[in-house]
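Undergrad: Submitted below is the structure of interest, expressed as structure tokens.
Bear in mind these aren't lab numbers, they're just calculated from the coordinates by the rules spelled out. As the structure is a computational prediction, the values presented were derived from the model and not from experiment. Don't worry about glycine lacking a Cβ; one is built from the backbone with ideal geometry, like all the others, and counts go over all protein chains shown.
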């Protein structure tokens, strides 16, 4: 039996298989509100046969958006827009849905990727002042972020908790906190971006303090029977930066606080990173965290082939695999993987006629 298509449990969340859809920013919101594009995009992926669909990085504050096109969850209007999108998706699919809550920190206020992605100055249209642990820009020549003071830390922490309250009202099945890719929570972790001289900077314990406070606030705000997980960068890929040993210490601290799962990515903190790109290049990071903890671990990054994904789960390198660009390119990847391994996958009744004759037992009936 294929390990990739065995059920799995994350907290109280029952997953039909080991394939999850990673959060993927679409930069297509208006004033933080989801649009019809999100109905199309998320609705499409909800029919993929994956076990879990994760909504893209969702800003908890206006200044926490990566771009002016980011989805947000900071007021009634943004909540209502997500509610409308979810209502449509849930009418046609029962796939569990998670949401990633995020703050972009010093990497905020940027142009849309297909328009260059460069940072927009605070005094220009579609730009704003950025905030970070320390007043160190992401790249030389960029406007410096403002170092968060105590009131700022409180504002951010409370914004994450309030977004979690709203997510609970929306009925999402899980929350993931974005502590990777050089965004605010990751910026607190890394000694390259955190040069504070208070209790939030310096030692590893101090650098972990604010991300753990945010986790605790979200865990307290979200229903106890629903999962809260964390996405991390396992390394900055830079000497003297955040690394896998520190990641393991952070994962162990999260485990002690009731974190339901940890999603291990990497990089994003500095342009100086040297990433050894290749198939499964981040899997060793996930393996190291899994070896040192007992919480479910999700591997991600250039996972494209069926046997590759099967090996990651089957050998115990990770409990689940996450797909991003792969499933955008091939939105029926789980269908094809199930056919390859002789497994079953859920499909909507409207698509049952597409089942190839050689795979007569491929489809389970939809919702």
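Undergrad: Work out, step by step, the length gained on full extension between residue 311 and residue 114: first 0.36 nm times the residue separation, then minus their alpha carbon distance; give nm to one decimal. Could you put the intermediate results ahead of the total?
TA: Values: separation 197, 0.36 × 197 = 70.92 nm, distance 3.47 nm.
Length gained between residue 311 and residue 114: 67.4 nm.
Undergrad: Taking Cα pairs under 8 Å and at least six residues apart, what relative contact order does the chain come out at, in percent?
TA: On the way: 811 pairs, mean separation 59.8, N = 367.
With pairs under 8 Å counted, the relative contact order is 16 percent.
Undergrad: Using a Förster distance of 41 Å, how high is the FRET efficiency between residue 249 and residue 365, based on the Cβ-Cβ distance and rounded to 0.05?
TA: Efficiency, from the Cβ-Cβ distance: 0.35.
Undergrad: Which residues among the range 115-132 fall inside the zone where the amide N is under 15 Å from a point 7 Å beyond the Cα of residue 147, along Cα→Cβ?
TA: Under cut-off, by backbone N: 131-132.
Undergrad: Alpha carbon centre of the range 297-367 versus the range 194-235: separation in Å?
TA: The two parts, judged by their Cα centres, are 33 Å apart.
Undergrad: Using helices alone, what [θ] at 222 nm do you get for the chain, with -39,500 (n - 2.57) per DSSP H run of 4 or more residues, divided over all residues and rounded to the nearest 500?
TA: -10000 deg cm²/dmol
Undergrad: If you don't mind, there's one more thing I want to ask. Using only alpha carbon pairs under 8 Å that are at least six residues apart, calculate the relative contact order of the range 1-125 and give it in whole percent.
TA: That works out to 26 percent.
Undergrad: Moving on to the next point. How much length would be gained if the chain were fully extended between residue 87 and residue 302, taking 0.36 nm per residue of separation minus their Cα-Cα distance, in nm to one decimal?
TA: 74.2 nm
Undergrad: If you don't mind, another one. On full extension of the chain, what length is gained from residue 216 through residue 277, given 0.36 nm per residue of separation minus the C-alpha to C-alpha distance?
TA: Here the segment from residue 216 to residue 277 would lengthen by 18.6 nm.
Undergrad: How far apart, in nm, are two points set 7 Å out from the Cα along the Cα-to-Cβ line at residue 197 and at residue 154?
TA: 2.4
Undergrad: Same structure, new question: Please give the FRET efficiency for residue 165 paired with residue 256, using the beta carbon to beta carbon distance and R0 = 35 Å, rounded to the nearest 0.05.
TA: 0.90
Undergrad: Could I ask something else about it? For a quick protection proxy, order the peptides 134-142, 117-125 by their average other-Cβ count within 10 Å, most packed first.
TA: So the order, starting with the most tightly packed, is 134-142, 117-125.
Undergrad: For the range 53-197, what does the relative contact order come out to in percent, with C-alpha contacts under 8 Å and a separation of six or more? Provide the component values of the computation, followed by the final result.
TA: Values: 255 pairs, mean separation 41.0, N = 145.
Taking the mean separation of contacting Cα pairs over the length of the range 53-197, I get 28 percent.
Undergrad: Which of rounded, prolate, oblate describes the range 164-276, given a ≥ b ≥ c as roots of the alpha-carbon gyration tensor eigenvalues and a/c under 1.5 marking rounded, otherwise prolate only if a/b is larger than b/c? Mind showing how you got there, number by number?
TA: Numbers: a/c = 2.14, a/b = 1.68, b/c = 1.27.
Verdict is prolate for the range 164-276.
Undergrad: At 7 Å along Cα-to-Cβ for each site, give me the label-to-label distance between residue 204 and residue 14 in nm.
TA: So the two model labels end up 3.9 nm from each other.
Undergrad: Let me ask another. Classify the range 76-125: rounded, prolate or oblate, from the alpha-carbon gyration tensor (a ≥ b ≥ c, eigenvalue square roots; a/c under 1.5 rounded; otherwise prolate if a/b is larger than b/c)?
TA: Cα axes put the range 76-125 in the prolate bin.
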